[in-house]
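Scroll down for the structure; my scribbles are underneath it.
The values are calculated or read from the model by the stated rules, or taken from the named source; none is laboratory data. Please read these numbers as outputs of a predicted model, since none were measured by experiment. Cβ: placed from backbone, ideal geometry, glycine included. Neighbour counts: every protein chain shown.
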Amino acid sequence: MKTEIKRIARAAPLWPFEAYTHVIRPLAADEGGGFLLTLPDIPGCMSDGETEAEALENGRDAFIAVVSALQDMGREIPAPAFRADGVDEKFSGKFVTRLPRTLHARLAARAKAEGVSLNTLVLSFIASGMGGRQDGLR
């Protein structure tokens with residue numbers, strides 16, 4: 001029995017690879033080692049590589065392949081859930097979180113000692129923890 005191979009035209013994505021959140025994690029030795037890249041907004045889109053850079057480069061190829069296949073099947077290509085340029089209106093910049101009372105008290109005391117608001121202190125901790133990374137996930 002001869003297997004037919006369907007040729008799929010390369011799609012021009014509506015949004016670039018960089019617009020999508022991508023998560024890179026190390027793979028355990030029993031998983032083959034190296035790194036795994038996933039795009040949470042595009043189910044099934046993943047790649048791997050010996051290094052993070054290789055997983056990222058392979059991820060670009062996987063992204064184009066998945067987007068091309070979705071387009072060929074007439075399926076909708078998911079939009080990025082998060083837009084770093086602020087275009088996505090669902091992110092107002094405000095969210096609410098609960099803390100243990102002891103942590104809340106320690107943060108409030110630290111903010112008072114530094115002469116800043118609690119919001120300013122927490123924002124500076126978050127920004128520092130993000131380390132200036134564009135995607136904030138790696």
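Just for region 54-94: of the residues that are of a type in the set (Phe, Trp, Tyr) and modelled with pLDDT under 75, which one is nearest to residue 39 (Cα to Cα)? Steps first, answer last, please.
In the first step, residues of region 54-94 are kept if they are of a type in the set (Phe, Trp, Tyr); the result is 63, 82, 91.
When the remaining residues are screened for being modelled with pLDDT under 75, the result is 82, 91.
Working: 82: 12, 91: 20 Å.
Per the criteria, the residue is 82.
Which residues, taken from region 106-119, are part of a helix (DSSP H, G or I) and either surrounded by 12 or more Cβ atoms within 10 Å (Cβ to Cβ) or at pLDDT 90 or above (or both)? Lay out the reasoning, then the answer.
Filtering region 106-119 down to residues part of a helix (DSSP H, G or I) leaves 106-114, 118-119.
Once the filter is applied, which keeps residues that are part of a helix (DSSP H, G or I) and either surrounded by 12 or more Cβ atoms within 10 Å (Cβ to Cβ) or at pLDDT 90 or above (or both), region 106-119 yields 106, 107, 108, 109, 110, 111, 112, 113, 118.
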